[in-house]
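Chemist: Have a look at this one.
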Amino acid sequence: MMTRRGLPPARAGSIADRSNRSGEGGWVTVEMALAALGVGAALVGCIGGFSAGLAQLRCEDAAAEIARQAARDDRVAVDAIAERLPTDAVVKVESRPSQVHVTVVMDMHAWGEWLPAITLTGEADAQME
């Protein structure tokens, strides 16, 4: 017996026969869509965490650079470094008798402006020259 297309009918137990009898009705598609959303959310979380880590390093590096320049009493260099930081960054320089302590605090929106910001802090000390 041949079908209209000239192909033999599906045998019992074949893939075509099983797909028609499964009764799942598209649940595999829904599961794959949910899995894809989960993978996408995990990827966004990883990228945001990586960005926050890089911003933390930038904050600590800026504090160290500012501390070195402030210990040399080079205000022009301190201002130049502070200008390269984001506009919401706060730089606090404390001069002590033998050293300088610098704190740089900035907020980072890792996943968008509409979510709460992550506050990053970098601190450094340098001996006066």
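Only the coordinates and a few stated rules stand behind these numbers; no lab work does. Everything numeric in this text was worked out from a predicted model, so none of it was measured. Here the Cβ positions follow ideal geometry from the backbone for every residue, glycine too, while neighbour counts run over all protein chains shown.
Chemist: Would you mind listing how long the stretch 15-127 runs along its three principal axes, going by Cα atoms, in whole Å with the largest first?
Modeler: 85, 24, 18
Chemist: Sticking with this structure for a sec: For ALA35 and GLN56, FRET efficiency with R0 = 35 Å and r from the beta-carbon atoms, rounded to 0.05?
Modeler: Here the calculated transfer efficiency is 0.65.
Chemist: Of ILE47, ILE118, ILE66, how do they rank once you tally other Cβ atoms within 10 Å and put the fewest first?
Modeler: By the 10 Å Cβ count, ascending, the order reads ILE47, ILE118, ILE66.
Chemist: Still on this structure: Among the GluC sites (Glu not before Pro) in the stretch 22-100, which ones are in a DSSP loop with at most 13 other Cβ atoms within 10 Å of the Cβ? Mind listing them?
Modeler: GLU24
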